[in-house]
1. Among the residues of the stretch 42-58, write down those that are surrounded by 19 or more Cβ atoms within 10 Å (Cβ to Cβ) and among the hydroxyl-bearing types (Ser, Thr, Tyr).
2. So if I check each of GLU12, GLU8, which one is free of Cβ contacts under 8 Å to residues at least 12 places away in the same chain and touching a strand residue (DSSP E or B) at 6+ places or on another chain (Cβ under 8 Å)?
3. From the set of residues in the stretch 28-41 that are more than 14 Å from GLU8 (Cα to Cα) and small (Gly, Ala, Ser), which is surrounded by the fewest Cβ atoms within 10 Å (Cβ to Cβ)?
4. What pairs come up if the first residue lies in the stretch 73-89 and is among the aromatic types (Phe, Trp, Tyr), the second is crowded, with 22+ Cβ neighbours inside 10 Å, and their beta carbons are under 6 Å apart, counting only those six or more places apart or on different chains?
5. Criterion first (charged (D, E, K, R), modelled with pLDDT under 95 and surrounded by fewer than 20 Cβ atoms within 10 Å (Cβ to Cβ)) does GLU25 satisfy it?
6. Checking GLY189 against (1) of a type outside the set (A, V, I, L, M); (2) assigned to a strand (DSSP E or B); (3) over 25 Å from HIS71 (Cα atoms), which single condition isn't satisfied?
7. Just to be sure I understand the filter: pairs with C-beta atoms under 8 Å, separated by 6 or more residues or on different chains, first member in the stretch 205-221 and under 22 Å from PHE160 (Cβ atoms), second member at pLDDT 60 or above and among the small types (Gly, Ala, Ser). Which pairs pass?
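The values are calculated or read from the model by the stated rules, or taken from the named source; none is laboratory data. Quantities reported herein were computed from a predicted structural model and do not represent experimental measurements. Note that we place each Cβ from the backbone using ideal geometry, even for glycine, and neighbour counts take in every protein chain shown.
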Amino acid sequence: MANPNTTEPITEIREDVYDLTLTSEPARYRSFLFDWGAPTLVDTGISEVSETLIARLETLGIEPERLIITHADHDHIGGFDAVVDRYDPETHVPEQSTVDTASEPDVRYDHESTIGSFTAVHIPGHCEDNYALVAPEQSVAVLGDAMIGADWRGLPTGYFVMVEAIYSDDLIAAERNAERLQAYEFDVGLVFHGSSVFESAREKIDEFLDFPNKSTWEDRP
């Protein structure tokens, strides 16, 4: 099957953890595949790259048995029906999401739901239904759009920033709710836009959120 949208290789980030980059330019869209027990696909990119997503899964030879959507923005859920039609996985979609898919989700999850190895962490602000998925035992977090790679905004690779205000419902809420990530331990933080962070990810989130004079800001009248 042709793969016209990206020339980037499939990247095995850690053993059995795969970055399925679906487009490179002008915007980067991704899915992540975790071959832990029941193979789990997280997000599907836009509908226009569904053939690329299927091709990348076929190249790996791993059929997803579970599909988790972090939130219902088009660049995260667009390929939902294509994946369901091809593989018939068990599908998990946030309780808060409004979806327009041919197939109804099998499971609606909420804050602190357990899905396989993942704990769902609700982080509204970018949008009401935004979630991160944290796997503490594997020390990996999929950050949904709670955070993006700093290089997306022209800053050094290896750090995080928030999603732009023009793409967010409430940037202040997004930053405050991101503090929920500080309750979990993980070393790798996977993002859908910009570059992921492969070491000390939780510590770098701490540094971003616990900025100088934060206590003064919190205590302001």
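1. Of everything in the stretch 42-58, those that are surrounded by 19 or more Cβ atoms within 10 Å (Cβ to Cβ) and among the hydroxyl-bearing types (Ser, Thr, Tyr) turn out to be THR44, SER50, THR52.
2. Step by step, each of GLU12, GLU8 is checked, and only GLU12 is free of Cβ contacts under 8 Å to residues at least 12 places away in the same chain and touching a strand residue (DSSP E or B) at 6+ places or on another chain (Cβ under 8 Å).
3. Once the filter is applied, the top-ranked residue is GLY37.
4. PHE80/THR44; TYR87/PRO64
5. On the way: charged (D, E, K, R): yes; modelled with pLDDT under 95: yes; surrounded by fewer than 20 Cβ atoms within 10 Å (Cβ to Cβ): yes.
Judged against the criteria, GLU25 is a match.
6. (3)
7. ILE205/ALA178; ILE205/GLY189; LEU209/ALA178
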